[in-house]
Each structure stands twice: as structure tokens, then as C-alpha cells.
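For reference, the structure discussed in these notes is given below.
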Amino acid sequence: MTETPAKAFLRPGKVFLLTLVGVLVYLVALVVLVPAGWLWHQASAHVQLPPEVQVRQVSGKAWSGVAGAVVAGYPVRLEWQLGMPSLSRLSLPASFSLASSQSSVDGRVSVDWQGGGTLEASGRLAVAEFEDLIRRSGGAVIEGDVTIDRLELAWQDGRVTSADGVGRWAGGSVSWPMGNSTGQATFPPMQATLDSTADGVALMIARQGGDGPAAEVDISWNGMMDLQVYKRMVDLAGQPWSESAAPGDMVFRVRQPLIPGGAL
């Protein structure tokens, strides 16, 4: 009678599997236990942030943490919670909450191993909080809050490949610089839609239920803003203009950095 040779317990396939499991356990433990502040300290020298953004404090763990920063002079607080990695898509999802003293945005972001990703968010912006920044850039100040119903972004190789979003404003008083004085008018409810362009993103502002844009804002990748105002906006403001002009005629255009003092 021939005896079956005993098989080695640690065969090559089993050694590979145990090694893989050990590496995965180590990586998970690393993400869960390593302090987020230590990771940021190691990575900050290799991360190029715009000059308007300064990270002041990072706490918690890499898996779930909090960061305090200053963006264009405004303190903000970022909280994040990583989700379970997707092995099929080789991506890592995370939920986040970004808040300033009066505004907040919540959403989800997913980043893949090639550096691409997607973002979905919604929130509320208190315009009065940013009044000084708006006035320095020569923009119009509106009363009340802007509601972000939907914001969806996708990017690859450091550039946004698609953008889609909708925001609403309930209407009210609007003031804007007019030479050495200030103009003011009461506007109806307005909405804004976001779309992607070849050079950046475009924001179209129109009256809710209206038949065309009152203004359009193009923001390019170098941080420049191109604002175009149409006669529809003049009509909504109740300001006098040539009766021969059509509602879609451009009456004002300005190009300048999105944030005063330099491009992003």
C-alpha cells in the first residue's frame, strides 16, 4: 500500500496569501492609528497649496480627522471620514464637512489610484460673511443666503473634466459699486447653473423661470474671472438703458483675478 506524501503546510501560494493579508492589515492599521497631524507634517513639504490657503492645525486620525485652515483670510474647518476602499474601482471614498463661521458645505469625494476623482456636495453660503472680499473685487453684494442644491465635479490629471451644479437665491436687496456711489435694487428669486468648459468652469445666472442669462461668469484654470452682464440684469435692477437694446445684449464685461491680489 502506497502512502500519500504529506503536503507542506506553508506552500508558495499560502505564503503569498498570508503575506498579502499581513500587508493589508498593516495598511489598515496604519490608516486607522496614525495621527493625521503627523501625516500632514510629513506630506506638507511636498504639497503645493495656493498662497491664499494656509493649513494651521490638523488633528485626529488619518481615517477620521479635523483640519483648521485660513482661505483668503477666512478661517475654515474641515472634517473628514474615510470610507471602505473599493477594490473593483481601486478608489478611496470619503465624506466631508467644510464650514466657516456662517457657511457650510457637506458632501462626498472619491479618489482613484491614478489621481482622478469625483465630488458631490451641497450646502449654504452666507453672502454677508464674504462681503469685504466681494466689495474688494468690485462685485455686487446680495442679502440672505445662497443655497447649493447640487454640485458635482470630476477631475483627472489635475484638471476638472466635468462640472454640474445648481444654486438658488430667494431674492432681495442687491448693492453694487457705481462710480463714487453705490447702486441698489430689489431682485426677484435667481438661480445659478454650473457647467464645465475647455478652459475651466462657467456659471450662468438667471431669473428663476426666466428665458435667458442675466450674467455669466467664466473662471479659467489660472484663476482669472471673466464676468459678462446682459441687459436682462439691467432690466431686473430697474436701471435705465437704451430701448433699442435686446435683453440678450452684453452691457458690461470685466476680467480680473478671482481673488484680488493674484491668480489661484
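Here is a check on your reading of the model: is residue 190 under 27 Å from residue 104 (Cα atoms) and either touching a helix residue (DSSP H, G or I) at 6+ places or on another chain (Cβ under 9 Å) or in contact (Cβ under 8 Å) with a residue 60 or more places away in the chain (or both)?
Against the criterion (under 27 Å from residue 104 (Cα atoms) and either touching a helix residue (DSSP H, G or I) at 6+ places or on another chain (Cβ under 9 Å) or in contact (Cβ under 8 Å) with a residue 60 or more places away in the chain (or both)), residue 190 qualifies.
Filtering the range 51-78 down to residues that are in contact with a Ser or Thr (Cβ under 9 Å, 6 or more places away or on another chain) and farther than 16 Å from residue 39 by Cβ, which residue is surrounded by the most Cβ atoms within 10 Å (Cβ to Cβ)?
Step by step, filter the range 51-78, then rank; the result is 76.
Check 106, 132 and return the single one that is closer than 20 Å to residue 151 by Cβ and acidic (Asp, Glu).
The unique qualifying residue is 106.
Take the range 79-111 and flag every residue that is closer than 16 Å to residue 130 by Cα, open to solvent by 40 Å² or more (accessible area, probe 1.4 Å) and of a type in the set (A, V, I, L, M, F, W, C).
Of everything in the range 79-111, just one residue is closer than 16 Å to residue 130 by Cα, open to solvent by 40 Å² or more (accessible area, probe 1.4 Å) and of a type in the set (A, V, I, L, M, F, W, C), namely 98.
Would you tally the residues in the range 165-191 being within 16 Å of the chain's Cα centre (by Cα) and either under 18 Å from residue 231 (Cβ atoms) or modelled with pLDDT under 95 (or both)?
0
Hey, does the range 36-45 have a residue that's in contact with a Leu (Cβ under 9 Å, 6 or more places away or on another chain), of a type outside the set (Phe, Trp, Tyr) and surrounded by 15 or more Cβ atoms within 10 Å (Cβ to Cβ)?
Checked against the condition, which is being in contact with a Leu (Cβ under 9 Å, 6 or more places away or on another chain), of a type outside the set (Phe, Trp, Tyr) and surrounded by 15 or more Cβ atoms within 10 Å (Cβ to Cβ), the range 36-45 yields no hits at all.
Does any residue in the range 202-213 that is in the same structural domain as residue 233 (by the TED database) come within less than 6 Å, Cβ to Cβ, of a residue that is part of a loop (DSSP other than H, G, I, E, B) six or more places away or on a different chain, and which pairs are these?
204/213; 205/214; 206/213; 206/214; 207/188; 208/189; 212/248
Out of the range 155-173, which residues are open to solvent by 60 Å² or more (accessible area, probe 1.4 Å) and either part of a loop (DSSP other than H, G, I, E, B) or under 25 Å from residue 239 (Cα atoms) (or both)?
Within the range 155-173, 157, 158, 168, 170 meet the criteria.
The values are calculated or read from the model by the stated rules, or taken from the named source; none is laboratory data. Keep in mind that what you see is a predicted model, and the values were worked out from it rather than measured. Every residue, glycine among them, receives a Cβ derived from its backbone with ideal geometry; neighbour counts consider all protein chains shown. Just the protein is used for accessible areas: all its heavy atoms, side chains included, with ligands, DNA and RNA removed. Shrake-Rupley method; radii C 1.70, N 1.55, O 1.52, S 1.80 Å.
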